[in-house]
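Okay, so here's the structure we're looking at.
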Amino acid sequence: MPDQLPENWRNFLSGTEAEKYLSEPLEKLAQRRTEYTVFPPEGMVFRAFELTPPEQLQIVIIGQDPYHDEGQAHGLAFSVPDGVAHPPSLRNIFKEYASDLKREIPVSGSLEKWARSGVLLLNSVLSVDAHSPGSHRSFGWEKFTDAVIAAISAKTSEKVFILWGNYAIRKAAMIDQKRHTVITGAHPSPLSAYRGFFNSRPFSQANWEWPEL
């Protein structure tokens with residue numbers, strides 16, 4: 001398995017379907033970078049795995065693909081670096097987080113504190129062309145990330161999977177719900193947040209002590 005993935009995850013995924021599926025998207029990504037501006041920057045594609053080792057994993061939140069504007073994507077689903085304006089979906093996540101847990105809306109859009117505490121912020125597609133959402137969905141990333149989800153389901157127990165929107169909810173088919181908790185709801189985007197995301201209380205449902213951001 002390519003060494004861009006942290007060693008602890010390479011060991012965790014050894015012998016699983018995930019081993020088959022990483023070479024193809026990495027080859028396509030390397031070629032794409034020679035012609036286009038691609039996000040997240042090189043070295044941050046596997047940031048979610050770097051910050052959340054498998055032995056610390058408690059919760060998995062699944063996104064689609066990275067933010068596609070300059071300076072936003074840094075390898076964690078829904079998160080942006082310190083000092084970057086909160087994208088609309090993240091603003092709505094923070095509104096629900098504050099309402100659900102009776103906390104203040106965070107100033108920083110970075111979710112690194114969650115990641116370092118055991119929340120795998122996993123995009124299904126791990127790269128994107130600048131200003132072109134969905135542009136890398138043909139790269140084969142989803143085969144890899146689906147296999148990661150299946151491996152977590154099979155090799156661990158008592159994890160919480162948070163699936164927002166129909167795209168993420170389809171991943172529930174890969175998760176053994178006798179071993180794990182699956183929380184589903186509407187996507188936090190402005191198009192759907194008022195159709196079931198707000199007041200859905202996913203954070204308290206997880207029954208976990210969320211670090212304050």
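The values are calculated or read from the model by the stated rules, or taken from the named source; none is laboratory data. What you see is a predicted model, and the numbers here were worked out from it, not measured in a lab. Don't worry about glycine lacking a Cβ; one is built from the backbone with ideal geometry, like all the others, and counts go over all protein chains shown. Surface areas here come from the heavy atoms of the whole protein model, side chains and all, with no ligands, DNA or RNA. Shrake-Rupley method; radii C 1.70, N 1.55, O 1.52, S 1.80 Å.
I'm checking my understanding of the structure. Among residues of the stretch 28-51 that are open to solvent by 70 Å² or more (accessible area, probe 1.4 Å) and under 25 Å from residue 174 (Cβ atoms), which one is farthest from the chain's Cα centre (by Cα)? So the residue we want is 28.
Filtering 70, 35, 55 for residues that are more than 19 Å from residue 167 (Cβ to Cβ), among the charged types (D, E, K, R) and in a helix (DSSP H, G or I) leaves a single hit, 55. List the residue pairs whose Cβ atoms are under 6 Å apart, where the first residue sits in the stretch 184-213 and is charged (D, E, K, R), the second is assigned to a loop (DSSP other than H, G, I, E, B) and open to solvent by less than 80 Å² (accessible area, probe 1.4 Å), and the two are 6 or more positions apart or on different chains. If the second residue must be assigned to a loop (DSSP other than H, G, I, E, B) and open to solvent by less than 80 Å² (accessible area, probe 1.4 Å), the pairs left are 195/186. Just one of the listed residues (54, 6) is modelled with pLDDT of 95 or more and touching an Asp or Glu at 6+ places or on another chain (Cβ under 9 Å), namely 6. One residue alone among 117, 192 is open to solvent by 40 Å² or more (accessible area, probe 1.4 Å) and among the hydroxyl-bearing types (Ser, Thr, Tyr), and that residue is 117. Checking each residue in the stretch 178-201 for being outside any strand (DSSP E or B), over 10 Å from residue 92 (Cα atoms) and of a type in the set (Gly, Ala, Ser) picks out 186, 192, 196, 200.
Filter the stretch 128-149 down to residues that are in a helix (DSSP H, G or I) and of a type in the set (A, V, I, L, M) and give me whichever is surrounded by the most Cβ atoms within 10 Å (Cβ to Cβ).
If we take residues in the stretch 128-149 being in a helix (DSSP H, G or I) and of a type in the set (A, V, I, L, M), then 148 is surrounded by the most Cβ atoms within 10 Å (Cβ to Cβ).
For the stretch 90-114, which positions are surrounded by 15 or more Cβ atoms within 10 Å (Cβ to Cβ) and outside any helix (DSSP H, G or I)? Those that are surrounded by 15 or more Cβ atoms within 10 Å (Cβ to Cβ) and outside any helix (DSSP H, G or I): 106, 108, 109, 110, 111.
Within the stretch 202-213, the residues that satisfy the criterion of being within 21 Å of residue 152 (Cβ to Cβ), open to solvent by 40 Å² or more (accessible area, probe 1.4 Å) and assigned to a loop (DSSP other than H, G, I, E, B) are 207, 208, 209. Could you please let me know if residue 151 is more than 15 Å from the chain's Cα centre (by Cα), within 20 Å of residue 53 (Cα to Cα) and not aromatic (Phe, Trp, Tyr)? Considered against the rule, which asks whether it is more than 15 Å from the chain's Cα centre (by Cα), within 20 Å of residue 53 (Cα to Cα) and not aromatic (Phe, Trp, Tyr), residue 151 comes out as yes.
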